[in-house]
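The block underneath contains the structure these notes are about, expressed in structure tokens.
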């Protein structure tokens, strides 16, 4: 009886602690833009997986594999960071491709909870995305979607690697990229 009296409160505490523990939640980004240019013209700007000249934050790209599944590109950002991405699927017919970030350089090192933590150039983890162009009347609509986790996978993330930082960073990349794509396509 004494063991049961002791074990029940201990078990309840463990269940409560587990219920209150909160790891990262998968985040989603979804941005679209209407462009006053035919879909084929817009697709022509973005379809080459090796060419990210339309994305303002990218200074250069080195790539292997062209538009073939498994192709790898390394984006060198204007601030000097790098992001390595793998092409998962490219579909000219659907004017779309799907890719995944496989590696990133470190933007900063911070101390959090007594540990040194590396902050990646994009504060996300397990990031996958797709971009698609669709005809929309005489123009087109481009939709860019991503799913990802915050960069800090443990509980109590630092502000540099929490959900808000991840969402703000991805939204900025998407919005500036799509706005620049629109400007290029409508020239």
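What single numbered condition from (1) under 19 Å from residue 29 (Cβ atoms); (2) touching a strand residue (DSSP E or B) at 6+ places or on another chain (Cβ under 6 Å); (3) surrounded by 14 or more Cβ atoms within 10 Å (Cβ to Cβ) fails to hold for residue 123?
(2)
Out of (1) free of Cβ contacts under 8 Å to residues at least 40 places away in the same chain; (2) over 17 Å from the mean Cα position of the chain (by Cα); (3) surrounded by fewer than 18 Cβ atoms within 10 Å (Cβ to Cβ), the odd one out for residue 71 is which?
Among (1) free of Cβ contacts under 8 Å to residues at least 40 places away in the same chain; (2) over 17 Å from the mean Cα position of the chain (by Cα); (3) surrounded by fewer than 18 Cβ atoms within 10 Å (Cβ to Cβ), the lone unmet condition for residue 71 is (3).
Name, by its number, the condition in (1) closer than 20 Å to residue 145 by Cα; (2) in a strand (DSSP E or B) that does not hold for residue 110.
Going through (1) closer than 20 Å to residue 145 by Cα; (2) in a strand (DSSP E or B) one by one, residue 110 breaks only (1).
Results for (1) in contact with a strand residue (DSSP E or B) (Cβ under 7 Å, 6 or more places away or on another chain); (2) more than 26 Å from residue 165 (Cα to Cα), shown as yes or no for each residue.
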position: 69; (1), (2): yes, yes
position: 77; (1), (2): yes, no
position: 83; (1), (2): yes, no
position: 90; (1), (2): yes, yes
position: 93; (1), (2): no, yes
position: 99; (1), (2): yes, no
position: 109; (1), (2): yes, no
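Identify all residues within the range 93-111 that are surrounded by fewer than 17 Cβ atoms within 10 Å (Cβ to Cβ) and touching a helix residue (DSSP H, G or I) at 6+ places or on another chain (Cβ under 8 Å); write none if there are none.
108, 110
For the range 151-159, check the following and say yes or no: at least one residue is on the phi < 0 side of the Ramachandran plot, free of Cβ contacts under 8 Å to residues at least 60 places away in the same chain, part of a loop (DSSP other than H, G, I, E, B) and touching a strand residue (DSSP E or B) at 6+ places or on another chain (Cβ under 6 Å).
First, the residues of the range 151-159 that are on the phi < 0 side of the Ramachandran plot: 151-155, 157-159.
Remaining after also requiring free of Cβ contacts under 8 Å to residues at least 60 places away in the same chain: 151, 158-159.
Then keep just the ones that are part of a loop (DSSP other than H, G, I, E, B); that gives 151, 158.
Among the residues that remain, those that are also touching a strand residue (DSSP E or B) at 6+ places or on another chain (Cβ under 6 Å) are: 151, 158.
Scanning the range 151-159 turns up at least one residue that is on the phi < 0 side of the Ramachandran plot, free of Cβ contacts under 8 Å to residues at least 60 places away in the same chain, part of a loop (DSSP other than H, G, I, E, B) and touching a strand residue (DSSP E or B) at 6+ places or on another chain (Cβ under 6 Å).
Quick note: the coordinates plus some simple rules give every number you see, no bench work behind them. Small disclaimer: the values here were computed from a predicted structure and weren't measured. In this analysis, Cβ positions are derived from the backbone assuming ideal geometry, glycine residues included, and neighbour counts consider all displayed protein chains.
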